[in-house]
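Below is one structure, written out as structure tokens; comments come after it.
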Amino acid sequence: MAVIDSRVQEFIDQAMKNPGLGCCGKAGIAFRTLQKLRQQPGRSLDLELAAAEHYMFARWMVCEGRVGPTQMRVLVIGYDLKKLLDSVTGDPNREAVTDNPVSPPDIGVVAWGLKGVSDGSADHDRCNQAVSPPFWRSIEEIFGQSVQSPY
């Protein structure tokens, strides 16, 4: 089933209606709002909500300069490939961070994540260009936790 872009945009627009400070602050609050929605029981498999959350995460991280656009593109595509590998090896929920199942790999979700990189890069250039993102940042630094590959 294809991601319905208009529904993804509705989630994004609603989440961006927050009193966050500055363009990066609004994106950060919007991401946390969408993340909280996805963590509710039964919401993790909603691909439009997943696409919106992935979009906002990429936009926020790139806007802040926490991650550069190139690394975020690698993360967006790599995460979907990792979910595909997990599915093929029989453990599609290996990356679960709640009791909810992990959404399946989906090219529409990836496309929205990549759009988030582009929009976050434009935001960064418009309102946060004094911050230079590192060439590469460890996964632990990005996600704030130890991440170990099971492979």
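Throughout, read-outs are computed from the coordinates displayed, never taken from laboratory work. These numbers come from a predicted model, not from an experiment. Positions of Cβ are backbone-derived with ideal geometry, glycine not excepted, and every protein chain shown enters the neighbour counts.
Summary of computed values
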item: Computed [θ] at 222 nm, helices only, for the chain once each DSSP H run of length n ≥ 4 contributes -39500 (n - 2.57); result: -20000 deg cm²/dmol
item: Between region 74-126 and region 15-37, the Cα center-to-center distance that results, in Å; result: 19
item: Point-to-point label distance, residue 21-residue 107, nm (Cα→Cβ direction, 7 Å offset); result: 4.3
item: Rough spin-label spacing in nm, given labels placed 7 Å along Cα→Cβ, for residue 13 and residue 70; result: 3.6
item: Radius, Kirkwood style, for region 39-112 when every pair of distinct Cα atoms is counted (Å); result: 12.8
item: Top of 67, 102, 88 by mean-square fluctuation, Gaussian network on the chain, Cα under 10 Å; result: 88
item: For region 84-128, diffusion coefficient by Stokes-Einstein and Kirkwood Rh (Cα), 20 °C, 1.002 mPa s, µm²/s; result: 170
item: J(HN,Hα) series, region 53-68, from Karplus relation 6.51 cos²θ - 1.76 cosθ + 1.60, nearest Hz, glycine and proline x; result: 5, 5, 4, 5, 4, 4, 4, 5, 4, 6, 4, 5, x, 5, 9, x
item: Gain upon complete extension [residue 45, residue 131; 0.36 nm per residue less C-alpha separation]; result: 27.4 nm
